[in-house]
1. Here are the criteria: (1) at pLDDT below 65; (2) open to solvent by 40 Å² or more (accessible area, probe 1.4 Å); (3) not aliphatic (A, V, I, L, M). Tell me which single one ASP188 does not satisfy.
2. Quick one: ALA173 ticks every box in (1) touching a Cys at 6+ places or on another chain (Cβ under 7 Å); (2) part of a strand (DSSP E or B) bar one, so which box is it?
3. Going residue by residue through the range 38-60, is there one that turns out to be modelled with pLDDT of 80 or more and open to solvent by 70 Å² or more (accessible area, probe 1.4 Å)?
4. Can you give me the number of residues within the range 157-185 that are open to solvent by less than 50 Å² (accessible area, probe 1.4 Å) and of a type in the set (Phe, Trp, Tyr)?
5. Which residue out of THR164, THR193, THR171, THR138 is among the hydroxyl-bearing types (Ser, Thr, Tyr), at pLDDT 85 or above and closer than 22 Å to THR89 by Cα?
6. Of all residues being at pLDDT below 70, of a type outside the set (A, V, I, L, M, F, W, C) and open to solvent by 70 Å² or more (accessible area, probe 1.4 Å) in the range 11-26, which is nearest to LEU168 (Cα to Cα)? Just the residue, please.
7. Keeping to the range 176-194, report how many residues are in a loop (DSSP other than H, G, I, E, B) and β-branched (Val, Ile, Thr).
8. Can you name the residue in the range 105-135 that is assigned to a loop (DSSP other than H, G, I, E, B) and polar (S, T, N, Q) and is also modelled with the lowest pLDDT among such residues?
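The values are calculated or read from the model by the stated rules, or taken from the named source; none is laboratory data. Just so it is clear, the structure is predicted and the values come from calculations on it, not from any experiment. Methodologically, a virtual Cβ is constructed for each residue, glycine included, from the backbone with ideal geometry; neighbour enumeration extends over all protein chains shown. Note: areas computed on protein heavy atoms with side chains; ligands, DNA, RNA excluded. Shrake-Rupley method; radii C 1.70, N 1.55, O 1.52, S 1.80 Å.
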Amino acid sequence: MAIVDRFVLDVPESWADLDLSGSVLAETRAAALALTESPREKATINDMFRQAREVSRAARRHGALFAAGTATIFEDGLFLGYAMVFAVTAPPGRELTLPVLAAQLSPGGTGGSKAGVDRTVSAVTLPNIGQVARITGTEEAQIAADITVRMLTMHTVIPIPGSTGDYLIVTCASPNLPLAADVYELFDAISGTFRFLPAEQPAGA
């Protein structure tokens, strides 16, 4: 569980604060590479961990209030997942529209992501918040000058009480495209734990 300022977001116990560019990422990458002798599989693993490093850098560039992630090795492969919370303010005189949100919260962190044709906008109900907007789909994020990666993404848009035009965005992302149904179920469960702390309750209480 992570408490930052006045909100709480629960992530799986196996997830860690998102600093996957450090020793944790290096150790997991080495363990994953040791499981295979295939040059193709080793290249895939290296690509996925490069994506993990870029997601971590993107979260820091955008001033994420909270970020957690996992690089977990299962019998059938490697799973990478991320959960982040960003503060976003709608431009003066404008609503927080899909293009505005996409420009601010692309997984690549540059505003250069491109939404896939499967992107959907819906209303969902969070147990502790009520009805909010959600954007779900596949995005292509640029992680280097000549490299893009497709990511499963879920953005849940939560208005900040008493602050018109200010929102917190719970963003979850994963490059494990074949696991889309399970990944989105996990992301929905994580996002559903979001709740604000009472004003009189200090962070960490």
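1. ASP188 satisfies every listed condition except (1).
2. Every condition holds for ALA173 apart from (1).
3. Within the range 38-60 (the criterion being modelled with pLDDT of 80 or more and open to solvent by 70 Å² or more (accessible area, probe 1.4 Å)), the answer is yes, since at least one residue qualifies.
4. 1
5. Answer to the selection: THR171.
6. Filtering the range 11-26 for residues that are at pLDDT below 70, of a type outside the set (A, V, I, L, M, F, W, C) and open to solvent by 70 Å² or more (accessible area, probe 1.4 Å), the one nearest to LEU168 (Cα to Cα) comes out as ASP19.
7. Here the count works out to 1.
8. Step by step, filter the range 105-135, then rank; the result is THR110.
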